[in-house]
Amino acid sequence: MKTGKQEPMVVLKNLSVTFTGGKKQVKAVSGVSLELQRGEVLALIGESGSGKSVTMRSLLRLHPEKRSRIEGQMQVGGRDVLAMSARELADYRGKVASMIFQEPLLALDPVYTVGAQIKEAIRRHEGGVSEAQAQARALALFERVRIPSPERRLDAYAHEMSGGMRQRAMIALALACRPQLLLADEPTTALDATVQIQVLLLLRELQRELGLSVLFVTHDIGAAVEVADRIAVMYAGRIVEEGSVREIMRAPRHPYTLALLKSRAHGALAKGARLDTIAGSPPDLANLPPGCAFADRCARANETCRRMQPEPVVFSVGHLARCHHIETASTALA
């Protein structure tokens, strides 16, 4: 879905995010560089605590300023997000970049009806929109995300909706001001399997119809395959592998990527085989080792892995991985 030589929608260069609590510092994201093209879907995958959601929320500057520090470069639509004033940021959120949160029951205001929240977002970002026009837009959005009885549901509160319906309402709210960038933070985690598939198909359909750029965060590589053009695998705050869905699925290069693929339920249960697991636990982000963070869980790790950070190695255009045991690389990045 790439669109030629257009400027990328998102450019991250050496992004790092550090949180401070008392005397303790946690570097949740470390040196992440990524590009998201216009009209493209990029999935960030990894276990909980890998830095996926922290990276995504940084794009909206949602982290508490007094307890966090963001370093590096972060551009969206050619604009420097870190240089935005409070007023610019308020206009940017919702109108340029918008987020679908993991748990809409917590993200939606319980005091106002869902319809009222959508209308408020439209009128706040678009001057001159009447109440009737905002109402019509909200109704059209509910119809577009296939909420049953949309007129009646506009007057419902979040707690009166089912989980799947709330997530559809959350998607409608995220699209209310016609953003260019959609940030989806584990949007199907709390839903049952059937509803998960419906929401994934809806997101893919909306993305293609509206030409959205989408950053999709998930721990489920199966969900990533359903919606994404490219995949970036995160571990302990770093990108350890990045490539097209086809390359990642057919020829994963990093041991962690391979372990994620092997731990999928798809296929293993159908054959009656035991489901593979990844031994050990992710490292403490407040006390990361000097070398590869995956070394303690990797069967191939040696002293070099524990002592030195691996450099990214390129296999083809857009496909790279960070591992000391990759022997078939064509080029090393500077």
Check your understanding: Within the stretch 223-243, is even one residue more than 22 Å from residue 310 (Cβ to Cβ) and surrounded by fewer than 16 Cβ atoms within 10 Å (Cβ to Cβ)?
Key -> no
Review point. Taking the stretch 181-218 as the region of interest, how many residues are of a type outside the set (A, V, I, L, M, F, W, C) and crowded, with 18+ Cβ neighbours inside 10 Å?
Key: 8
Review point. What number of residues within the stretch 108-127 are surrounded by fewer than 17 Cβ atoms within 10 Å (Cβ to Cβ) and part of a loop (DSSP other than H, G, I, E, B)?
Key: 6
Exercise for review: Determine which member of the set 55, 20 is buried (at least 18 other Cβ atoms within 10 Å of the Cβ) and not in a loop (DSSP other than H, G, I, E, B).
Suggested key: 55
Check your understanding: If you check residue 164 against the conditions, is it on the phi > 0 side of the Ramachandran plot, part of a helix (DSSP H, G or I) and touching a residue at least 24 places away in the same chain (Cβ under 8 Å)?
Key -> no
Point to revise | Failed condition for residue 152, given (1) free of Cβ contacts under 8 Å to residues at least 40 places away in the same chain; (2) closer than 23 Å to residue 60 by Cβ | key: (2)
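For the stretch 237-262, enumerate the residues that are within 14 Å of residue 315 (Cα to Cα) and hydroxyl-bearing (Ser, Thr, Tyr). Outline the logic, then answer.
Step one: of the stretch 237-262, the residues within 14 Å of residue 315 (Cα to Cα) are 240-244, 246-248, 250-254.
Within the stretch 237-262, 244 is the sole residue that qualifies.
Mind telling me which of the residues 297, 250 ends up being at pLDDT 90 or above, within 22 Å of residue 45 (Cα to Cα), out of contact with any Asp or Glu (no Cβ under 7 Å at 6 or more places or on another chain) and exposed (fewer than 12 other Cβ atoms within 10 Å of the Cβ)?
Answer to the selection: 250.
One line per residue, one yes/no per condition, for (1) more than 12 Å from residue 215 (Cβ to Cβ); (2) free of Cβ contacts under 8 Å to residues at least 40 places away in the same chain:
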residue: 10; (1), (2): no, no
residue: 15; (1), (2): yes, no
residue: 18; (1), (2): yes, no
residue: 23; (1), (2): yes, yes
residue: 28; (1), (2): yes, no
residue: 37; (1), (2): no, no
residue: 43; (1), (2): no, no
residue: 65; (1), (2): yes, yes
residue: 71; (1), (2): yes, no
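The values are calculated or read from the model by the stated rules, or taken from the named source; none is laboratory data. Bear in mind that the values here come from a model prediction, so they are computed numbers and not experimental data. Neighbour counts are summed over all protein chains in view; Cβ atoms, including those assigned to glycine, are modelled from backbone coordinates with ideal geometry.
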